[in-house]
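Comments concern the structure below.
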Amino acid sequence: MKKYVAGFLAGAVFVLSASAFADDIKSLVGKKIQGEAVVELKGQALDTAIIVDGKSYAPVRSIGEAAGYEVSMQDKKIIMDKKPVVSGRDAISKDPVKLKEIIESHKESIAREEARLESYNKIIEQRPNEAEAYQPAIEHAKSNIQMYKEWIAEREAQLAALK
């Protein structure tokens with residue numbers, strides 16, 4: 001007998017809570033969808049909105065995300081928050097693998113510039129009268145080497161800060 005009473009009470013609670021939830025959406029229940037409309041952003045179709053009683057009901061998630069918002073649902077509320085802006089540079093500065101790849105790339109660039117300097121010096125040894133013509137290229141290569149060394153130091157500092 002206790003099982004029947006417990007079952008009846010559980011069923012009653014379920015029915016009452018379901019009807020309370022349905023009160024929130026009663027306004028559209030039984031209404032006829034009069035049409036559909038494509039929602040576009042800058043000429044690109046996002047999703048489809050329905051039209052009921054002359055009002056369009058558009059998909060909030062599709063529109064919100066296209067506008068740059070994070071869309072979530074909490075306590076029967078749709079929450080739209082601005083996405084945190086993380087530039088590519090900021091994302092890289094927090095990724096140790098990417099930082100190490102960049103450091104290696106800069107080291108390879110330094111090696112290329114040093115090889116270029118060496119080839120210029122060999123040419124100048126063979127043809128000293130052309131030394132002045134190679135001076136701008138030599139200065140450029142030295143400048144690049146200095147720049148890559150500074151970038152390596154910055155990336156190594158970022159990497160050390162992550163540890």
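The values are calculated or read from the model by the stated rules, or taken from the named source; none is laboratory data. In this text, all values refer to a predicted model and were calculated from it rather than measured experimentally. Heads up, the Cβs are rebuilt from the backbone with ideal geometry, glycines too, and the neighbour counts pull from every protein chain shown. Calculation scope for accessible area: heavy atoms of the full protein, side chains included, ligands and nucleic acids excluded. Shrake-Rupley method; radii C 1.70, N 1.55, O 1.52, S 1.80 Å.
Surface calculation, 1.4 Å probe, protein heavy atoms: GLU150 sits at approximately 100 Å² accessible. In this structure, VAL39 and SER72 have a Cβ-Cβ separation that, at R0 = 25 Å, corresponds to a calculated FRET efficiency of about 0.80. Placing dummy labels 7 Å off each Cα toward the beta-carbon, the span from LYS163 to LYS122 is 3.8 nm.
For MET73, the solvent-accessible surface with a 1.4 Å probe is about 130 Å², rounded to the nearest 10.
Report the gain in length on full extension from GLU114 to TRP151: 0.36 nm times residue separation, minus Cα-Cα distance, nm rounded to one decimal.
Between GLU114 and TRP151, full extension yields 11.7 nm more.
The accessible area of LEU117, taken with all protein chains in place and a 1.4 Å probe, comes to roughly 30 Å².
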